[in-house]
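Peer 1: One structure, as structure tokens, below. Some questions next.
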Amino acid sequence: MRLIIMGPPGAGKGTQSTRIAETYGVPAIATGDIFRANVREGTPLGVEAQRYMDAGDYVPDSVTNSMVRDRLAADDCADGFLLDGYPRTLAQVDELDGMLKENDVALDAVLVLTVDPEELVERLVKRAESDGRSDDTEEVVRHRQDVYAEQTAPLIEVYAERGLLVTVDGMGEVDEVSARVRTALDGVA
Ligand code: AMP
């Protein structure tokens, strides 16, 4: 299975990705997690990414694309993967298309979690309290929602036109959402 999971910040992508990855035996690749690990370790990539992340802006495509290219070249991605948080811009879609084409593989589905915008802000502010993420202050949270609406939401239409879109209601208990995701993906592979 080659999957993308999309949805606005706070939609529960991370939680669902872990479960989907287990179910299908594919690695979950979360670009946000890779960036955060680099920030923690103080690598040059982390130093570059941090100022964008702290402001709630996207890290430049050139940086993000080469990071994903390296990750997808790893052996564990040969038979499938779940991308969480990538692509996020139209330029990243093109870049991912190129990477897949080079390997003569294709996406099976793009899963979109839909959620109520007010609930999102509430979830993210709670997460800030428990995880201490520096990009989860209310102001940054709202900015991240705007950036998503502007730069990432248009990707949904692109994948819909390709017939890849699987939309799942992301509201409610984690287990309920997982069950919906499972049913929706069973129809794909
Ligand atoms: P996330 O954990 O997916 O919410 O990502 C946290 C932050 O990492 C984002 O707000 C961006 O600054 C950065 N980031 C993650 N994925 C990408 C991406 N595909 N393109 C650009 N920036 C990204």
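Peer 1: Filter segment 88-106 down to the residues that are crowded, with 17+ Cβ neighbours inside 10 Å and either at pLDDT below 95 or part of a loop (DSSP other than H, G, I, E, B) (or both) and list them by number.
Peer 2: The answer is 88, 89.
Peer 1: Hey, among the residues in segment 54-82 that are open to solvent by 30 Å² or more (accessible area, probe 1.4 Å) and within 9 Å of the ligand (Cβ to nearest atom), which one's farthest from residue 28 (Cα to Cα)?
Peer 2: Once the filter is applied, the top-ranked residue is 55.
Peer 1: Working carefully through the options 85, 14, find the one that is under 25 Å from residue 146 (Cα atoms), open to solvent by 30 Å² or more (accessible area, probe 1.4 Å), within 13 Å of the ligand (Cβ to nearest atom) and touching a residue at least 40 places away in the same chain (Cβ under 8 Å).
Peer 2: 14
Peer 1: Here's a check for you: in segment 22-47, which residue that is part of a helix (DSSP H, G or I), open to solvent by less than 60 Å² (accessible area, probe 1.4 Å) and not aromatic (Phe, Trp, Tyr) is nearest to residue 92 (Cα to Cα)?
Peer 2: Of everything passing the filter in segment 22-47, 31 is nearest to residue 92 (Cα to Cα).
Peer 1: Then there's this: When you scan segment 131-143, how many residues do you find that are open to solvent by less than 30 Å² (accessible area, probe 1.4 Å) and either part of a helix (DSSP H, G or I) or without any contact (Cβ under 8 Å) to a residue 24 or more places away in the chain (or both)?
Peer 2: Final tally of qualifying residues: 3.
Peer 1: Also, quick follow-up: Return the pairs, sorted by first residue and then second, in which the second residue is part of a helix (DSSP H, G or I) and within 9 Å of the ligand (Cβ to nearest atom), the first residue lies in segment 25-53 and is under 15 Å from residue 71 (Cα atoms), the beta carbons are less than 6 Å apart, and the residues are 6+ apart or on different chains.
Peer 2: Close Cβ pairs satisfying both conditions: 35/49.
The values are calculated or read from the model by the stated rules, or taken from the named source; none is laboratory data. All figures in this text were calculated on a predicted structure; none of them were measured in a lab. Positions of Cβ are backbone-derived with ideal geometry, glycine not excepted, and every protein chain shown enters the neighbour counts. For accessibility, only protein heavy atoms count, side chains too; no ligands or nucleic acids. Shrake-Rupley method; radii C 1.70, N 1.55, O 1.52, S 1.80 Å.
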